[in-house]
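Beneath this line is the structure, given in structure tokens, with notes to follow.
The values are calculated or read from the model by the stated rules, or taken from the named source; none is laboratory data. Bear in mind that the values here come from a model prediction, so they are computed numbers and not experimental data. Ideal geometry is used to build each Cβ from the backbone, glycine not excepted, and the neighbour counts take in all protein chains shown. For the accessible areas, the whole protein counts, side chains as well, though only heavy atoms, and no ligand, DNA or RNA atoms are used. Shrake-Rupley method; radii C 1.70, N 1.55, O 1.52, S 1.80 Å.
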Amino acid sequence: MGFDPERQSISFAGQIGDSSSGGISAEKEPLIKENHSPENYSVLAAIPPFLFPALGALLFGYEIGATSCATISIKSPTLSGISWYDLSSVDVGIMTSGSLYGALIGSMVAFSVADTIGRRKELILAAFVYLVGAIVTSVAPVFSVLIIGRVLYGIGIGLTMHAAPMYIAETAPSQIRGRMISLKEFSTVLGMVGGYGIGSLWVTVISGWRYMYATILPVPVIMGIGMCWLPASPRWLLLRALQGKGNGENLQQAAIKSLRRLRGPAIADSAAEQVNEILAELSSVGEDKEATFADLFRGKCLKALTIAGGLVLFQQITGQPSVLYYAPSILQTAGFSAAADATRISILLGVLKLVMTGVSVIVIDRLGRRPLLLGGVSGMVVSLFLLGSYYIFYNTAPAVAVAALLLYVGCYQLSFGPIGWLMISEIFPLKLRGRGISLAVLINFGANALVTFAFSPLKDLLGAGVLFCGFGVICLLSLFFIYFIVPETKGLTLEEIEAKCL
């Protein structure tokens, strides 16, 4: 017997509420319940669907930390272990940004394939590309091969930062979804701290930069095996069923099995009922209709793209890449010997990011997204104006710069750091979630590259004080964007977010 999305959605509508016309009227008989019951789940069953995608985020963070140490090792005449160690500043820039270019490519690839192969297979592909990129980088005989390895690794980053938040959002129970996606950001910061730590161990060893990249090789293998073991996203399976892409009944049964595995014994008897409710809710918000590229820029999808694109854009243009990448030079200007202590300073900032991300993970599903965004970004505004004022007025008081830097990092990790990725993973309608998130990720990495590359010339042209005050003004504008545009999604299912917030 074939699967008729229209008939199925009407049937499920009848289970939830009566419709005298035989169709679904979102205004008269809403399918989205005002007060849904908390989803039952087993804690042990909820961990793997977060853990294995989060390994991809850990690999992203590790690359940032390890590369900062690898650039020191690879330029050393005595410790690099190569004959081409005399790299120019342009060469070092290409090496450090190679993964960023790869991430941009990965985001574009994800736009084309995400909704076809699904979130799980995209993460398996990301793990494979991570592994190949790390191997090529660690054994590179010449500079050009090193760059190829860096770009390949970056493609893995682009695929992961697209698929990981999406998979976690679609598989996590609504009452802990914020915590799970924020833990992905925690994994990124943990990887960063690990990269700094492991890099500092290998930086004094001959060919240490090779070992820095080789040390992480087991992680993509574990990630790939774990994702092969995990089930596909039940919402992705149901989307394909609704849109007639495959045998509908088989896809619905696969979604029921997937949900049982993702929730554990606590849901064993009600999995089929929950799948029926999700199907009905998806039908009620128009997910059974095939989406086109133009739909991204119309109606609900345009609003979602405005929210997600705005958050990730402000996440970068409020100075985050510059403050992180140039923290050692900021501290050196403030009177610290950054040349000798760069690694220790980076580890210290990484630990602070880790602690503040942990705080965000604990409170995000209790306080909500908007309070953390508004409070954290307000702190960023204060810190950026304080940092700018140091360079203009208080350059004899280095403690001001240090306090401003620490305040900025802490407030960023309470707000834009985890919540930007959380919001883009839950705000898009399901039928365009893959393409929408890939555009948001593309905006994120593109803005990151722009801010990173523009910082030095703008600093020379305007001066550090004016530049940081400029970031403060942009940060202030982002507060208005958050207050007037960004909705609260705490405790809502993904279907309720689409119905109520867009």
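Going out from 0 in 10 Å bins, what whole percent of all Cα-Cα distances in the chain drops into each bin?
Percent of pairs per bin, in order: 4, 19, 29, 24, 14, 7, 2, 0, 0.
Want the number for Val142 to Thr292: 0.36 nm per residue separation, take away the alpha-carbon distance, what's left?
Taking Val142 through Thr292 to full extension adds about 49.6 nm, to one decimal.
How large is the direction-averaged shadow of the alpha-carbon convex hull of segment 288-501, in nm²?
In nm², the orientation-averaged hull projection of segment 288-501 is 12.2.
Could you work out the mean projected area of the convex hull around the alpha carbons of segment 41-230, in square nanometres to one decimal?
Answer in nm², one decimal: 10.3.
Report, in whole Å, the centroid distance computed from the Cα atoms of segment 426-462 and segment 121-180.
The distance from the Cα centre of segment 426-462 to that of segment 121-180 comes to 17 Å.
Which whole-number percentage describes the relative contact order of the chain, with Cα contacts under 8 Å and a sequence gap of 6 or more?
Worked out over the chain, it gives 22 percent.
Place the peptides 90-103, 63-76 in order of packing, highest mean first, counting for every residue the other Cβ atoms within 10 Å and averaging per peptide.
Taking the mean over residues of other Cβ atoms within 10 Å, the ranking is 63-76, 90-103.
How much length, in nm to one decimal, is gained on full extension between Phe128 and Ser378, taken as 0.36 nm per residue of separation minus their Cα-Cα distance?
Once the chain is fully extended between Phe128 and Ser378, it gains 86.0 nm.
If all Cα-Cα distances of segment 60-121 are sorted into 10 Å bins from 0 onward, what percent lands in each bin, rounded to whole numbers?
Reading upward from the zero bin: 19, 36, 24, 15, 6.
Which net charge results for the neighbourhood of Gly368, defined as the other residues with beta-carbon distances under 11 angstrom from its beta-carbon, given Lys and Arg at +1 and Asp and Glu at -1?
Surrounding charge for Gly368 is +2.
Taking the Cβ of Trp421 as the centre, find all other residues whose Cβ is under 9 Å away and add up their charges (Lys, Arg: +1; Asp, Glu: -1).
0
Would you mind getting the accessible area per residue of segment 288-501, heavy atoms of the protein chains only, 1.4 Å probe, in Å²?
I get 37 Å² per residue for segment 288-501.
What does the charge count near Ser233 come to, summing +1 for each Lys or Arg and -1 for each Asp or Glu among other residues with Cβ under 12 Å from its Cβ?
Around Ser233, the charge tally is +4.
Say the cut-off is 18 Å between C-alpha atoms; which of Lys184/Lys353; Lys245/Lys300; Lys303/Lys431; Lys300/Lys431; Lys184/Lys431 go over it?
Beyond 18 Å between Cα atoms: Lys245/Lys300; Lys184/Lys431.
Treat each spin label as a single point 7 Å out from the Cα along the C-beta direction, and report the Leu462 to Asn250 distance in nm.
In this crude spin-label approximation the distance works out to 5.8 nm.
Considering only protein heavy atoms and a 1.4 Å probe, what is the carbon-and-sulfur percentage of the accessible area of the chain?
Result for the chain: 66 percent of the exposed heavy-atom area is carbon or sulfur.
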